[in-house]
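The values are calculated or read from the model by the stated rules, or taken from the named source; none is laboratory data. From a predicted model like this one, the values you see are computed outputs, not experimental measurements. Don't worry about glycine lacking a Cβ; one is built from the backbone with ideal geometry, like all the others, and counts go over all protein chains shown.
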Amino acid sequence: MNLLSVSQQFSTEDACYAYLESLRWPHGVGCLKCGSTKVSRQFKSKGKTGKTRRLYQCLESECGHQFTATTGTIFHDTHLPLRKWLMALALIVDAKKGISANQVKRHLGVSYKTAWHLCHRIRKAMQEEPPEKFKGIVEVDETYVGGKYDRRRKRGPWENPGVAGLIERGGKVYTQRFTTPSKIVLTGIVSDRVAPEAQLVVTDQYAAYRSLARTYNHQVINHLREYVRGRIHTNSIENFWSLLKRGIMGSFHKVSIKHLPRYLSEFTYRFNRRDSQDLFAQTLYRMLRCDSLSYEKLRTNEEFQV
């Protein structure tokens, strides 16, 4: 669903709430506390702003719980109109190389702080559990975000965090941030995500991968001499790195190390659903089942500690 479709279909807040309710309760509204379907709908004006609260109240005598379509979701306690939420979601899921908070700010007419918080809450909904262990032809590679370390610049090597990537050819990609590109770290990531019976594991000539031959059918492509030798290549994972790097350099210009896992989640999520016909609805459904992320928690970055 593109931005034009969203603006036409969700032209009012009532239309937005109706769509959220249909996604959250496809078989009818149920109480979030006791599960009862005996609920009444109420409309209440909230404070001086005059904003209408679309409340539901459970009619069970022992419950009486009040809730809305956004209670307990990523939208919880938001002051931003749902129309702008859905427009931001359409922009993010449709941007193959990502979209910056500054662009979202200009499109929606909000402050940068609001746009930044909004984008990270959507990225939180894109975080998912690792896929099942890969069993086909798996390509493994690592890259560094922020360019090569240059000792002439007054910065430490930790400012270029490493990212390990694994992709099952024709399937899903998995990424994981690391701090030290050691043999133990990289082979540990591979063993966690690749089944021993995998058809083939392909890496470049980096020495840390040599011990993989003890467990897997391991083949090496030496990039100093060649890039493809039959089915032995790492072009699939290199393609993903290209999308990630072009997004960071072209859209974001720079990403914070402490928030890097969310950016990785965004690019991985979009790549793994590259053939999806309705990524907008899928992501919105996930947002309805995702806990809220306060600005303070985001700023202090309690979820990801470097």
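From the list S276, S265, the one residue that fits, being at pLDDT below 95 and within 19 Å of the chain's Cα centre (by Cα), is S276. Screening R53 on (1) modelled with pLDDT under 90; (2) closer than 19 Å to H117 by Cβ shows it passes everything except condition (2).
If you check F67, F75 for being closer than 24 Å to I122 by Cα and in contact with a strand residue (DSSP E or B) (Cβ under 8 Å, 6 or more places away or on another chain), only one passes: F67.
Contact map, the range 189-211: residues that are small (G, A, S) paired with residues that are exposed (fewer than 15 other Cβ atoms within 10 Å of the Cβ) and modelled with pLDDT of 95 or more, Cβ distance under 6 Å, separation 6+ or inter-chain. Pairs shown: A195/K135; A198/K135. Examine the range 275-294 for a residue that is farther than 30 Å from A115 by Cβ, in contact (Cβ under 8 Å) with a residue 60 or more places away in the chain, assigned to a helix (DSSP H, G or I) and aromatic (F, W, Y), and state whether such a residue exists. No - not one qualifying residue is present in the range 275-294.
Filter the range 182-219 for residues that are of a type in the set (V, I, T) and farther than 25 Å from F271 by Cα; which is nearest to the chain's Cα centre (by Cα)? Selected residue: I184. Within the range 121-147, if we keep just the residues that are surrounded by fewer than 17 Cβ atoms within 10 Å (Cβ to Cβ) and of a type in the set (D, E), the residue that is modelled with the highest pLDDT turns out to be E132. Residues in the range 203-218: is at least one among the β-branched types (V, I, T) and within 23 Å of P161 (Cα to Cα)? Yes - at least one qualifying residue is present in the range 203-218.
Under the condition of being without any contact (Cβ under 8 Å) to a residue 60 or more places away in the chain and either of a type in the set (D, E) or surrounded by fewer than 16 Cβ atoms within 10 Å (Cβ to Cβ) (or both), the residues counted in the range 13-27 number 7. Within the range 98-149, the set of residues being out of contact with any Ser or Thr (no Cβ under 8 Å at 6 or more places or on another chain), assigned to a loop (DSSP other than H, G, I, E, B) and of a type in the set (A, V, I, L, M, F, W, C) comprises V110, V145.
Within the range 100-148, the only residue that satisfies the criterion of being among the small types (G, A, S), in contact with a helix residue (DSSP H, G or I) (Cβ under 8 Å, 6 or more places away or on another chain) and under 30 Å from Q219 (Cα atoms) is G146.
Filter the range 244-267 down to the residues that are buried (at least 16 other Cβ atoms within 10 Å of the Cβ) and among the hydrophobic types (A, V, I, L, M, F, W, C), then identify the one that is farthest from K297 (Cα to Cα). It comes out as L244.
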